[in-house]
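To start, the structure under review is shown below, and the notes come after it.
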Amino acid sequence: MAVMNYAAAAATSLGDAMRRDSAVVALGEDVGRGGIFGQYRGLQEAFGSERVIDTPISEATIMGAAVGMALTGLKPVIELRVIDFALCAMDEIINQAAKNRYMFGGQSHVPAVIRMPIGIWSASAAQHSQSLESWFTHVPGLVVVAPATPQDNYGLLQAALQCGDPVAYFEHKELWALDGEVDPGQPVPLGKAALRRSGDDLTIISWSKAVHWSLDAAEILARDGIEAEVIDLRTLWPWDREAVFASAAKTGRVLVAHEAIQVAGFGAEIAATLAEQTDARVARLGGPRAPVGYAPVLEAETRVTPSRIAAKARELLAR
Amino acid sequence: MMCRIRAFEDAAEEASRGGVAAFGQQAVGQAQVRGPLHLSTGQEAVAAGVCRHLRPNDYLTSTHRGHGHTLAKGADLERMMHELFGKATGFCGGRGGSMHIADFSVGMLGANGVVAAGIPIALGAAQSIKIRRVDAIAVTFFGDGAINRGPFAESLNWAAAFNLPILFVCEDNQWSATTKTGTMSAGQGAAARARSFGIEAEVVDGNDVGAVSETARGMIADIRAGKGPRLLHARTYRFKGHVSVDPAIYRDPKELEAALKSDPLLVTAAQLRAHGVAPTEIDAVLQAARTEVARAVETAGQAPWPAASDAFSQIQDTGAGQWL
Ligand SMILES: Cc1ncc(C[n+]2csc(CCOP(=O)(O)OP(=O)(O)O)c2C)c(N)n1
Ligand SMILES: [Mg+2]
């Protein structure tokens, strides 16, 4: 057990995996100097430039080459810097990595972890602040993961590397400095949510950084005697229906809160599933359908916040 | 090999009549090979001339027009035909069809429905060869149209930067679907672009299997010797439409007429005759290939369809597909 931040947890996790399994490699821009967020710190020194591979600024080819590596016995971890730049590699992710095994009838597997940090990166404006995780939940072949804590970033990266499928791995651009205890011996399975707070009055489902806002919202609500249960989904595909349904049965009211734009966000999928299959009353809160602006006032206007989550929760309870 | 490819393409073409609605044609429903079928008829010398220098553990990626490459890399002809028919016994169990033909057991890492997408995959295979310290190379075939997509330029740069064991083969049939590629391409073509990245490149007559083979042999020897990437630009011609049902009314019939005179099979036959091989012997090779293909068509017709439940298998281990 050690205290480390979210970035160090990822670097430590990847290092541990590389030590255990010589097939694991990492490739992307600037990884040799530790990555721009420190999420690869020390790895090239430890494993050499042949396994921690600095690449040209060629996102499509970084991802395409990773597919070729995965098809020939390696397990690549692909650094795409932020989700916004991963858009340059969409064919390679969606048509090449995700479809490979199926198209070729199971002759091939693409074990790969595709790192594409999401979220508003404060003061970085519209092309560095998106949360597009829901796009990837739509794609058969992909596993979709979004850790909210250092422990989960350590453990989910291990699980993602072991699962053998291509994993869309969404860290958060503003969680890198978050400290927390990390126990490398504590596995974090894919597809299992974490209960972050217990409560009887309503359930808030969330993931990534919005989990922390949801917990803050629960504190706000608690001042008025409202006890919210907070579930961190951790894996968006496959999502933990069992945990969500159990909590919905207990509280009868479920709010899904996420940073991504609400329209066609993954909250819609959860809310619709609950509406179809349970008696729970559902609500969702995501960002407005607007690009993220640069000026502080513009950025703040588009942020999902604890108070906005709390307000939405009260609305749901009043229905 | 060239005869086997020709026989395969001819039979697939025949079985695909009415198989897709495009280019003013209607799908009639009973075709055995359905969907877009991109034939490499007339381009056989490129696949045959390059792949004869490859070993089973060398890797290959291909394009939407990939039957010839796949056969030449050593894939089983019968299982290929079964895949075109969509049968459970095909290489991909009927999930892929013509555009996703592949035989990983001989290092053929797949045709591709996306133009230029196979290039970076072969690049990654080449880097993997280096990382794993395997004695092998990677080869990628792509069309003349593909050189206008970004992954081609990115991959040339990358291959040179990492000195990777990869052969780029531009199979230049002069057409990109209904567009004459030259009208949409600046500069002097694939070889010039490669040279601008410091990659040695050569242009050959892609209808002369001897010339392709001789050039490929030298380049592949260099690549195996660790001298880095090479690019081979083979000039050939697409005898058929873009897909099998395309009558190609957009091109001058005289252009095809002229091209048919340098049919790679005729060119090779003439060369063999000049070396004293009897015409009957040459005909026998093509006949044997047609017999082999006819058998494959027959067994493909009889082979079972995949189970409907196969729609949900081989997708992923974690969170596999289903109706919800
Ligand atoms: C990225 C992408 N754009 C467009 C297409 C549609 N398309 C399929 S084949 C083709 C022409 C490709 O020309 P070329 O690379 O010369 O290959 P050829 O068909 O001549 O073998 C096009 C435009 C595609 N499959 N992928
Ligand atoms: Mg072409």
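The values are calculated or read from the model by the stated rules, or taken from the named source; none is laboratory data. For clarity, every value in this text was computed on a predicted model and none was experimentally measured. Because the Cβ atoms are built from the backbone with ideal geometry, glycine has one as well, and the counts that use them run over all protein chains shown. Side chains are part of the model used for accessible areas, which takes the heavy atoms of the whole protein and leaves out ligands, DNA and RNA. Shrake-Rupley method; radii C 1.70, N 1.55, O 1.52, S 1.80 Å.
What the table shows:
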{"quantity": "Sole residue being modelled with pLDDT of 95 or more and open to solvent by 10 Å² or more (accessible area, probe 1.4 Å), chosen from B:Gly24, B:Gly96", "calculated": "B:Gly96"}
{"quantity": "Top-ranked residue of segment B:45-67 - restricted to ones that are away from ligand 1 (no atom under 15 Å from the Cβ) and basic (Lys, Arg), ranked as nearest to B:Val243 (Cα to Cα)", "calculated": "B:Arg52"}
{"quantity": "Options B:Gly35, B:Gly19, B:Gly42: the member that is part of a loop (DSSP other than H, G, I, E, B), within 14 Å of chain A (Cβ to nearest Cβ) and either within 16 Å of ligand 1 (Cβ to nearest atom) or crowded, with 19+ Cβ neighbours inside 10 Å (or both)", "calculated": "B:Gly35"}
{"quantity": "Condition met for A:Ala70 (assigned to a helix (DSSP H, G or I), within 10 Å of chain B (Cβ to nearest Cβ), at pLDDT 95 or above and in contact with a Gly (Cβ under 6 Å, 6 or more places away or on another chain))", "calculated": "no"}
{"quantity": "Any hit, segment B:76-92, residues being outside any helix (DSSP H, G or I), within 7 Å of chain A (Cβ to nearest Cβ) and within 21 Å of B:Phe312 (Cα to Cα)", "calculated": "yes"}
{"quantity": "Total residues in segment B:232-263, condition more than 16 Å from ligand 2 (Cβ to nearest atom), under 20 Å from the mean Cα position of the chain (by Cα) and modelled with pLDDT of 95 or more", "calculated": "3"}
{"quantity": "Residues being at the interface with chain A (Cβ under 9 Å from one of its Cβ atoms), buried (at least 24 other Cβ atoms within 10 Å of the Cβ) and within 16 Å of ligand 2 (Cβ to nearest atom) - total across segment B:105-115", "calculated": "1"}
{"quantity": "Scan of segment B:158-214 for residues that are within 14 Å of another protein chain (Cβ to nearest Cβ) and within 16 Å of ligand 1 (Cβ to nearest atom), ordered by number", "calculated": "B:Phe168"}
{"quantity": "Residue that is open to solvent by less than 30 Å² (accessible area, probe 1.4 Å), outside the structural domain of A:Gly141 (by TED's automatic domain parsing), out of contact with any Cys (no Cβ under 6 Å at 6 or more places or on another chain) and among the aromatic types (Phe, Trp, Tyr), where the choices are A:Phe266, A:Phe245", "calculated": "A:Phe266"}
{"quantity": "Residues (within 8 Å of chain A (Cβ to nearest Cβ) and in a helix (DSSP H, G or I)) located in segment B:126-155", "calculated": "B:Ala126, B:Gln127, B:Ser128, B:Ile129, B:Lys130, B:Ile131, B:Gly150, B:Pro151, B:Glu154, B:Ser155"}
{"quantity": "Residues (surrounded by fewer than 17 Cβ atoms within 10 Å (Cβ to Cβ) and more than 26 Å from the chain's Cα centre (by Cα)) located in segment A:213-226", "calculated": "A:Ala222, A:Arg223, A:Asp224, A:Gly225"}
